[in-house]
Ligand code: ATP
Ligand code: MG
């Protein structure tokens with residue numbers, strides 16, 4: 001067995017010592033079999049959430065109604081989920097209520113795809129009743145059970161399938177793909193928050209190009225906020241080489257391609273339930289990208305943009321101009337690194353100094369004056385030295 005399973009072994013052992021069954025399940029087992037980087041280790045157990053909480057001293061209730069408890073153990077955290085079925089589904093969404101069970105196989109049966117329905121015990125033995133290993137070998141995304149039924153139970157699974165196409169470079173098995181194509185409209189019932197999780201994983205997957213094309217081919221795009229009227233624009237995406245963009249840059253690319261008005265960016269992203277901090281980051285990146293497409297960076301723009309925006313806007317600039325071999329990112333970042341100051345707070349002068357020198361009380365003029373000093377320092381016209389700043393200011397102020 002390898003890390004991170006090794007570190008998690010004592011958690012399985014403690015559950016077993018208390019008389020319950022416990023296994024590693026889901027994405028971690030799949031990624032282990034694929035020899036991929038393993039993200040978080042999820043554990044399934046026959047113990048109920050109450051029983052799990054009796055065994056471990058540090059726990060957090062993160063989804064008790066679905067049977068999930070977060071256990072903090074040796075500086076790591078593990079999601080421990082009680083074996084369950086999802087017998088009754090409502091509105092193609094989540095089950096109305098889950099039933100806790102004591103049987104692993106029935107728990108594996110409620111999972112979405114066969115590759116995600118493999119369990120591994122503490123000795124590394126695999127329990128794979130739905131031929132998940134075969135699907136992994138064949139690189140196939142196949143539902144556990146009849147695809148149509150499984151998509152009716154929870155339509156998000158269709159979006160998860162396309163997200164796994166992007167993430168794993170697998171194909172969707174024929175029957176699963178047919179059901180997906182025929183029932184894509186069920187996605188209408190799915191909460192945006194759940195769609196966003198899958199869409200963002202799709203945007204940054206290694207095979208994102210194929211997955212984004214699939215979103216169009218299957219009409220999945222019709223059920224994505226703000227994108228349902230943009231078939232042509234989304235098709236344009238295929239003309240660009242965007243594999244190295246991160247999540248923020250992919251959202252920026254998308255917004256740029258659908259040619260959204262600046263005023264509407266925030267509404268679009270709010271409709272995706274994006275936190276305001278991330279919205280602002282995307283707005284900044286787009287602002288500097290648009291400037292960059294018109295002209296080269298000025299020193300003052302480099303300063304205002306900051307490292308992260310320079311990097312993102314320049315990466316996007318290269319995507320849009322289709323320039324392949326270029327050291328422009330390094331060039332602009334080097335220039336940024338050489339700036340005399342990086343932030344307003346790096347200036348060797350304060351508002352109080354300025355008021356004292358000019359013998360004036362505060363007011364809007366003060367901000368303007370500080371901005372003037374800041375710009376002169378950034379552009380190398382003035383040294384960042386208190387005495388020099390004073391002399392410069394006195395020389396250019398009306399007596
Ligand atoms: P990742 O590596 O991206 O986390 P994952 O397979 O672990 O992928 P999660 O969303 O973390 O995906 O879900 C964990 C496991 O829970 C899945 O592997 C699957 O077994 C099960 N699962 C998650 N969502 C669903 C769903 N909508 N329907 C059925 N089973 C699901
Ligand atoms: Mg996971």
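Bear in mind that the values in this text are calculations on the coordinates, not laboratory data. A quick note: this is a predicted structure, and the numbers were derived from the prediction, not measured. Neighbour counts are summed over all protein chains in view; Cβ atoms, including those assigned to glycine, are modelled from backbone coordinates with ideal geometry.
Rank 124, 380, 306 by mean-square fluctuation in a GNM of the chain with C-alpha springs under 10 angstrom and give only the top-ranked residue.
Result: 380 has the largest fluctuation of those listed.
Using Cα-Cα distances under 8 Å and only pairs 6 or more residues apart, what relative contact order does the chain have, in percent?
Numbers: 565 pairs, mean separation 33.3, N = 399.
RCO, the chain: 8 percent.
Rounded, prolate or oblate for the chain? Axes are the square roots of the Cα gyration tensor eigenvalues, ordered a ≥ b ≥ c, and the cut-off for rounded is a/c under 1.5. Please report the intermediate quantities before stating the final value.
Details: a/c = 2.64, a/b = 1.86, b/c = 1.42.
Because a/c hits 1.5 or more and a/b exceeds b/c, the chain counts as prolate.
Sorted by mean Cβ packing within 10 Å, highest first, what order do the peptides 318-330, 275-287 take? It would help to have the intermediate numbers written out before the result.
Numbers: 318-330: 12.3, 275-287: 16.3.
For the peptides 318-330, 275-287, the packing ranking is 275-287, 318-330.
Kindly identify the stretch 197-262 as rounded, prolate or oblate by the Cα gyration tensor criterion: order the square roots of the eigenvalues as a ≥ b ≥ c, call it rounded if a/c is under 1.5, otherwise compare a/b with b/c, prolate if a/b is larger, else oblate.
Details: a/c = 1.35, a/b = 1.10, b/c = 1.23.
Verdict is rounded for the stretch 197-262.
Report, in whole Å, the centroid distance computed from the Cα atoms of the stretch 236-272 and the stretch 320-361.
Each part's Cα centre sits 27 Å from the other's.
Just want to confirm a number: the relative contact order over the stretch 140-224, from Cα pairs under 8 angstrom separated by 6+ residues, in percent.
Working: 112 pairs, mean separation 31.8, N = 85.
This gives 37 percent for the stretch 140-224.
Fewest Cβ neighbours within 10 Å first, please rank 267, 176, 48 accordingly. Spell out each step's value before the answer.
Details: 267 13, 176 24, 48 18.
Ranking 267, 176, 48 by Cβ neighbours within 10 Å, fewest first, gives 267, 48, 176.
How high is the FRET efficiency from residue 390 to residue 307, r the C-beta distance, R0 35 Å, rounded to 0.05?
On the way: r = 30 Å, r/R0 = 0.87.
Step by step, r from the Cβ atoms, then E = 0.70.
Between residue 182 and residue 294, 0.36 nm times their residue separation minus their Cα-Cα distance comes to what?
Details: separation 112, 0.36 × 112 = 40.32 nm, distance 4.47 nm.
Between residue 182 and residue 294, full extension yields 35.9 nm more.
Would you mind putting 242-248, 149-155 in packing order, based on average other-beta-carbon counts within 10 Å, highest first? The partial results should precede the final answer.
Numbers: 242-248: 15.1, 149-155: 20.0.
Final packing ranking: 149-155, 242-248.
Between the stretch 108-140 and the stretch 1-79, what is the separation of their alpha carbon centroids in Å?
17 Å
Kindly identify the stretch 140-224 as rounded, prolate or oblate by the Cα gyration tensor criterion: order the square roots of the eigenvalues as a ≥ b ≥ c, call it rounded if a/c is under 1.5, otherwise compare a/b with b/c, prolate if a/b is larger, else oblate.
Values: a/c = 1.56, a/b = 1.13, b/c = 1.38.
It is oblate, given that a/c is not under 1.5 and a/b is not larger than b/c.
Does a label point 7 Å from the Cα of residue 219, set along Cα-to-beta-carbon, have any residues of the stretch 126-169 with amide nitrogen under 20 Å, and which are they?
Answer for the stretch 126-169: 147-163.
Of 203, 180, 382, how do they rank once you tally other Cβ atoms within 10 Å and put the fewest first?
Numbers: 203 22, 180 26, 382 19.
Listed from fewest to most nearby Cβ atoms, that is 382, 203, 180.
Percent relative contact order of the stretch 301-399, based on C-alpha pairs within less than 8 angstrom and at least six residues apart? Each step should come with its number before you reach the end.
Details: 58 pairs, mean separation 25.3, N = 99.
With pairs under 8 Å counted, the relative contact order is 26 percent.
For each of 166, 7, count neighbouring Cβ atoms within 10 Å of the residue's Cβ, then give the residues from fewest to most.
Values: 166 24, 7 14.
In increasing order of surrounding Cβ atoms, one gets 7, 166.
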